[in-house]
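The values are calculated or read from the model by the stated rules, or taken from the named source; none is laboratory data. None of the values given here were measured: they were computed from a predicted structure. A quick note on method: Cβ atoms are made from the backbone with ideal geometry, for glycine too, and the neighbour counts reach across all protein chains shown. Remember, those area values only see protein heavy atoms, side chains included, never the ligands or the DNA or RNA. Shrake-Rupley method; radii C 1.70, N 1.55, O 1.52, S 1.80 Å.
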Amino acid sequence: MPNRAHQAQKLWKLKKSGGRPVAAVFVADVSGSMEGTRIKNLKLALAESSDLISSTNAIGLVTYSDKVNVDLFIRPFDVQQKALFNGAVGRLTTGGRTATNDAVLVASELLLEFGKQNPDHKKVIFLLSDGETNRGVDFADIQTTLEWSGIPIHTIAYELSSEHLRSLASLAEGAYLESSTGSASYRIGNLLNSEM
């Protein structure tokens with residue numbers, strides 16, 4: 001019986017998105033303030049989220065602190081990509097400051113590049129951060145570029161209220177959520193269900 005319900009949910013999602021697959025980049029803050037419980041819960045949330053993503057979608061992973069790192073380029077979320085994603089998540093370590101805008105810019109460039117070869121995919125960014133940007137490019141310098149890209153940025157603020165993250169989300173009809181680290185899996189799950 002659960003199998004039938006799962007098929008019905010898949011069909012509903014297919015109709016809801018107009019049958020378009022999603023290309024998404026998870027952008028994860030791994031700055032020093034994420035140490036301890038926060039990074040542990042972030043890893044758990046991302047690992048649990050990977051079970052909600054079907055192989056018709058394409059997923060990438062970008063992490064950042066002082067610098068931005070592309071942990072996983074966007075590829076269809078088949079068994080191999082899922083294993084690479086979970087492996088990259090398992091290896092996440094914390095340290096450094098918070099260059100959020102730089103990371104979002106890298107993620108949008110990856111998606112725009114992917115979109116050239118895969119124009120049927122709907123592009124989206126999931127940003128998870130626990131702190132205000134204190135390094136890298138200013139929001140004012142990238143605002144127009146991100147608006148022009150039209151890519152929704154869904155932001156999850158870990159244990160803080162952030163005007164900056166709210167502003168990023170508002171550029172292209174993204175969602176802004178505040179979350180305790182404990183409810184991060186639930187929040188990400190809801191976002192994924194709404195998009196995928």
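Only one of (1) without any contact (Cβ under 8 Å) to a residue 40 or more places away in the chain; (2) open to solvent by 10 Å² or more (accessible area, probe 1.4 Å) fails for residue 156. Which number is that?
Status for residue 156: all satisfied but (2).
Would you mind stating whether residue 113 is open to solvent by 50 Å² or more (accessible area, probe 1.4 Å) and within 19 Å of residue 59 (Cβ to Cβ)?
Working: open to solvent by 50 Å² or more (accessible area, probe 1.4 Å): yes; within 19 Å of residue 59 (Cβ to Cβ): yes.
So residue 113 fits the description; yes.
Tell me yes or no: at least one residue of region 44-58 is farther than 19 Å from residue 128 by Cβ and touching an Asp or Glu at 6+ places or on another chain (Cβ under 6 Å).
yes
Being in contact with a strand residue (DSSP E or B) (Cβ under 6 Å, 6 or more places away or on another chain), closer than 18 Å to residue 65 by Cβ and surrounded by fewer than 20 Cβ atoms within 10 Å (Cβ to Cβ) is true for just one of 130, 102. Which residue is that?
Working: 130 fails: surrounded by fewer than 20 Cβ atoms within 10 Å (Cβ to Cβ).
Answer to the selection: 102.
Kindly list, by first and then second residue, each pair from a residue in region 65-78 that is among the β-branched types (Val, Ile, Thr) to a residue that is in a strand (DSSP E or B), limited to pairs with Cβ atoms under 6 Å and residues at least 6 apart or on different chains.
70/62; 74/23; 74/58; 74/60
Can you name every residue in region 80-93 that is in contact (Cβ under 8 Å) with a residue 12 or more places away in the chain, loosely packed, with under 13 Cβ neighbours inside 10 Å and over 16 Å from residue 39 (Cα atoms)?
Those that are in contact (Cβ under 8 Å) with a residue 12 or more places away in the chain, loosely packed, with under 13 Cβ neighbours inside 10 Å and over 16 Å from residue 39 (Cα atoms): none in region 80-93.
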